[in-house]
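**Student:** There's a structure below that I have some questions on.
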Amino acid sequence: MKHKAVNRRSVVIGIGAAAGAAATGGIALGAQADEDGTSSASGHAGSLTFDKDDYTELTTTITTDAGDKLVKYHFYKAVTYVTKPVDAKYQCLNVSVPVEIDGRTVDATRAPIVFANSVGGYMPSSVADAEGVGGGGVTGGPGGATPSGAPSASASSSAGSSEVTSGGNAMVNARGGMVNLGKLGLAAGYVVVEPGARGRTLTDSEGTYYGTAPAAIVDLKAAVRYVRANKGAIPGDTDRIVSTGTSAGGALSSLLGTSGDSRIYSSYLKEIGAADASDAVFAAGAWCPITDLEHADGAYEWNWGANVTSSGSQVDRTVSKALQAQYAEYQASLKLRGLNGFGRLTARNFDEYLLKQYLQPSATAYLADLSDADRTTYLAANTFITWSAGKATFTWDDFLTHVAHARSPPRPSMPSTCRRGRTTSSARVPPSPATSRSTASRTTQQASPTSGLRATSPRSST
């Protein structure tokens, strides 16, 4: 499959051809990498050499805010980045190197490297079946692929009982469209590395989980080490590796940016045969990262507590209500105040605040920018929005119902009786200490009414 040329069209609504540069606005680090151009793995020296000739030449069209970009690139698929993989389906990476953009030759020898993971919900993430840049995804309900490092009969051959489509290396642009950061980086002339990683649902035939923490971050660190160890063979500037991720992938990107070369992970990296190189990154871009896991369950139940699961049942109501109460206590302990004189934020008024401060203004701006015909079409497709006197209004419950249907149809709607933060319960969970990161910080203003809040569909983590 060497030097095979393929043409295809891939369109993504972008935020500009230079959008990849935005990722460098993340957390810059000063960690120094020991880069001597060699590739050596723990106990397997020289076995992690990147084959620079084993690529397929692809051509794709990427739509950005600056217009369509016709990109020709070299695509290296499913390269295993450790010598002793637990599961090679997940412990592999893809590399995309631009060679021509809109007819102009690109020299990516010293281009920044966008290290774009597609982890969502701390689930397994694989790039093994991708057919081009941006093709990685989150997979796996209970079950998982057979661990390649285990005996042939030791793991289930099932890919899992369900697929999880949330997460991925994407964000919402100013027009409300989803954009893939790897594709935008490629259109900007960057080298794009897309690593897979093990996740929390992978189990063998005996029910033993082999992708729980710290597997995901260890795998991503191993992938960074592989790239560094192959300096010169993999095009791009290994001193300018920029990690990106969304949701749980954003949290892992943050962790990459703050734990470069930490000895905490040394034994895990040695165990899987990672390259002997630095795993520090130059910068980290984290979109709506799930970093406050201590309070994540409470926040989730506050938002979706009365909703049904994908199987049509509800979770334990006592536990759900206790978690909602915990979240209310946690949020009160932060003593947050809303913008523009809104006053103290509590679990009882947080939904109202999000509507008035972010969602309705965002929807208003988006709809006002449309032509009359386009606005009429949009409103007909999104009947939960009322458009009057140049302003968009809707309720919190209707918004959540819309998100649930938009992301995972045809799951049941959010019951109208569910009002977050207003449920009381005799079951109590001790309040957790406040952290520096507020749940409110996960709210971002976007230009689409369906994206103003980083909400997830019922019972599906991101």
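The values are calculated or read from the model by the stated rules, or taken from the named source; none is laboratory data. Worth saying up front: this structure is predicted, and the values here are computed from it rather than measured. So basically every Cβ, Gly included, is an ideal-geometry build from the backbone, and we count neighbours across all protein chains shown. We work out accessible area using only protein heavy atoms, side chains counted, and drop any ligands, DNA or RNA first. Shrake-Rupley method; radii C 1.70, N 1.55, O 1.52, S 1.80 Å.
**Student:** Among the residues in segment 244-266, are any part of a strand (DSSP E or B) and touching a Pro at 6+ places or on another chain (Cβ under 9 Å)?
**Tutor:** Yes, segment 244-266 contains a residue that is part of a strand (DSSP E or B) and touching a Pro at 6+ places or on another chain (Cβ under 9 Å).
**Student:** Keeping to segment 190-209, report how many residues are touching a residue at least 24 places away in the same chain (Cβ under 8 Å), more than 30 Å from T109 (Cβ to Cβ) and open to solvent by 30 Å² or more (accessible area, probe 1.4 Å).
**Tutor:** From segment 190-209, those touching a residue at least 24 places away in the same chain (Cβ under 8 Å) are 190-206; that's our starting set.
Narrowing further to those that are more than 30 Å from T109 (Cβ to Cβ): 198-206.
When the remaining residues are screened for being open to solvent by 30 Å² or more (accessible area, probe 1.4 Å), the result is 200, 204-206.
Number satisfying all stated conditions: 4.
**Student:** Residue under question is G245, and the condition is that it be at pLDDT below 95, of a type outside the set (A, V, I, L, M, F, W, C) and either surrounded by 24 or more Cβ atoms within 10 Å (Cβ to Cβ) or on the phi < 0 side of the Ramachandran plot (or both); does it hold? Give the steps one after another, and end with the answer.
**Tutor:** Values: at pLDDT below 95: yes; of a type outside the set (A, V, I, L, M, F, W, C): yes; either surrounded by 24 or more Cβ atoms within 10 Å (Cβ to Cβ) or on the phi < 0 side of the Ramachandran plot (or both): yes.
The answer is yes for G245.
**Student:** Count, please, the residues in segment 318-348 that happen to be free of Cβ contacts under 8 Å to residues at least 12 places away in the same chain and open to solvent by less than 70 Å² (accessible area, probe 1.4 Å). Walk me through how you get there before you give the answer.
**Tutor:** The initial filter retains those residues of segment 318-348 that are free of Cβ contacts under 8 Å to residues at least 12 places away in the same chain, namely 335, 337, 341, 343-344.
Still in the running and open to solvent by less than 70 Å² (accessible area, probe 1.4 Å): 343.
The qualifying residues number 1.
**Student:** Hey, any hits in segment 271-284 for a residue that's among the β-branched types (V, I, T) and either closer than 24 Å to W396 by Cβ or in contact with a Pro (Cβ under 6 Å, 6 or more places away or on another chain) (or both)?
**Tutor:** First, pick out the residues of segment 271-284 that are among the β-branched types (V, I, T): 272, 281.
Now drop any that are not either closer than 24 Å to W396 by Cβ or in contact with a Pro (Cβ under 6 Å, 6 or more places away or on another chain) (or both), which leaves none.
For segment 271-284, residues among the β-branched types (V, I, T) and either closer than 24 Å to W396 by Cβ or in contact with a Pro (Cβ under 6 Å, 6 or more places away or on another chain) (or both): absent.
**Student:** Would you be able to say whether some residue in segment 280-303 is part of a loop (DSSP other than H, G, I, E, B), under 21 Å from the mean Cα position of the chain (by Cα) and either of a type in the set (D, E) or at positive phi (or both)?
**Tutor:** The first filter runs over segment 280-303 and keeps only residues part of a loop (DSSP other than H, G, I, E, B), leaving 280-282, 288-292.
Those left that are additionally under 21 Å from the mean Cα position of the chain (by Cα): 280-282, 288-292.
Filter again for either of a type in the set (D, E) or at positive phi (or both), leaving 288, 292.
Yes; the residues of segment 280-303 include at least one that is part of a loop (DSSP other than H, G, I, E, B), under 21 Å from the mean Cα position of the chain (by Cα) and either of a type in the set (D, E) or at positive phi (or both).
**Student:** Next up: Of I62, I27, which residue is open to solvent by less than 20 Å² (accessible area, probe 1.4 Å) and either at pLDDT below 55 or not in a loop (DSSP other than H, G, I, E, B) (or both)? Let's see the steps before the verdict.
**Tutor:** Details: I27 fails: open to solvent by less than 20 Å² (accessible area, probe 1.4 Å).
Result of the check over I62, I27: I62.
**Student:** Turning to a different aspect of this structure: Go through (1) at pLDDT below 90; (2) open to solvent by 60 Å² or more (accessible area, probe 1.4 Å) and name the single condition D276 misses.
**Tutor:** Checking D276 against (1) at pLDDT below 90; (2) open to solvent by 60 Å² or more (accessible area, probe 1.4 Å), the one that fails is (1).
**Student:** Now for a separate question. Which one is nearest to the chain's Cα centre (by Cα) among residues in segment 92-128 that are farther than 18 Å from L184 by Cβ and open to solvent by 30 Å² or more (accessible area, probe 1.4 Å)? Can you show your working first?
**Tutor:** So in segment 92-128, the residues farther than 18 Å from L184 by Cβ come out as 92-93, 103, 105, 107, 109-110, 119-126, 128.
Applying the additional criterion that residues be open to solvent by 30 Å² or more (accessible area, probe 1.4 Å) yields 103, 105, 107, 109-110, 122.
Numbers: G103: 32, T105: 31, D107: 29, T109: 27, R110: 26, Y122: 9 Å.
So, considering only residues that are farther than 18 Å from L184 by Cβ and open to solvent by 30 Å² or more (accessible area, probe 1.4 Å), the one nearest to the chain's Cα centre (by Cα) is Y122.
**Student:** Moving on to the next point. How many residues, within segment 361-399, are open to solvent by 40 Å² or more (accessible area, probe 1.4 Å) and closer than 28 Å to Q324 by Cα?
**Tutor:** 4
Each row is one residue, and each column tells you yes or no for (1) at pLDDT 95 or above; (2) open to solvent by 70 Å² or more (accessible area, probe 1.4 Å); (3) under 23 Å from D237 (Cα atoms).
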residue: K2; (1), (2), (3): no, yes, no
residue: G14; (1), (2), (3): no, no, no
residue: A22; (1), (2), (3): no, no, yes
residue: L58; (1), (2), (3): yes, no, yes
residue: K77; (1), (2), (3): yes, no, yes
residue: Y90; (1), (2), (3): yes, no, no
